[in-house]
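Notes to accompany the following structure.
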Amino acid sequence: MIDARLLRESPDLIRESLRRRGSTIDLDRLTTLDSAVRAKRQEAEGLRARQKEAGRLIATLDGPEKEAAIAEVAELANAVKEATAEADRLAAE
């Protein structure tokens with residue numbers, strides 16, 4: 001297993017170690033996947049924060065405004081699920 005932190009901080013060190021071992025691991029692909037996973041997780045966290053804020057706002061609203069905020073929270077919940085699922089898929093790859 002390759003340490004993700006070491007991959008980010010010292011890819012040349014890992015590349016040299018893999019070369020000495022005769023490994024055919026595509027380190028550039030791993031680096032790209034790691035970046036994509038981190039970006040998707042950040043996106044999911046940002047969406048989750050917006051979802052929580054909108055949830056708090058719902059308690060202060062009435063009528064149509066409340067219904068619109070509830071719909072927004074539902075959309076944000078779906079977006080969080082999708083971003084998290086994509087991050088998990090990329091991490092598995």
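The values are calculated or read from the model by the stated rules, or taken from the named source; none is laboratory data. Since the structure is predicted, the reported quantities are computational estimates derived from the model, not experimental observations. As a convention, Cβ positions derive from the backbone with ideal geometry for all residues, glycine included, and neighbour counts pool all protein chains shown. To get the accessible areas, we keep the full protein, side chains included, count just its heavy atoms, and leave off ligands, DNA and RNA. Shrake-Rupley method; radii C 1.70, N 1.55, O 1.52, S 1.80 Å.
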Taking the stretch 48-69, which residues are assigned to a helix (DSSP H, G or I), farther than 16 Å from Thr84 by Cβ and not basic (Lys, Arg)? Glu53, Ala54, Gly55, Leu57, Ile58, Gly63, Pro64, Glu65, Glu67, Ala68, Ala69
Would you mind telling me which numbered condition in (1) closer than 22 Å to Glu93 by Cα; (2) open to solvent by less than 70 Å² (accessible area, probe 1.4 Å); (3) at pLDDT 90 or above; (4) of a type in the set (S, T, N, Q) Ser10 fails? (3)
Count of the stretch 28-68 residues which are without any contact (Cβ under 8 Å) to a residue 24 or more places away in the chain and either in contact with a His (Cβ under 9 Å, 6 or more places away or on another chain) or surrounded by 11 or more Cβ atoms within 10 Å (Cβ to Cβ) (or both): 19
When the stretch 1-47 is examined, which residues are found to be in a helix (DSSP H, G or I) and among the polar types (S, T, N, Q)? Ser17, Thr31, Thr32, Ser35, Gln42
Hey, Glu93 among the acidic types (Asp, Glu) and surrounded by 12 or more Cβ atoms within 10 Å (Cβ to Cβ) or not: no
The one condition in (1) among the hydrophobic types (A, V, I, L, M, F, W, C); (2) within 16 Å of Leu90 (Cα to Cα); (3) under 18 Å from the mean Cα position of the chain (by Cα) that Leu27 fails to fulfil: (3)
Going by what's in this entry, would Glu67 be described as in contact with a helix residue (DSSP H, G or I) (Cβ under 8 Å, 6 or more places away or on another chain) and over 22 Å from Met1 (Cα atoms)? no
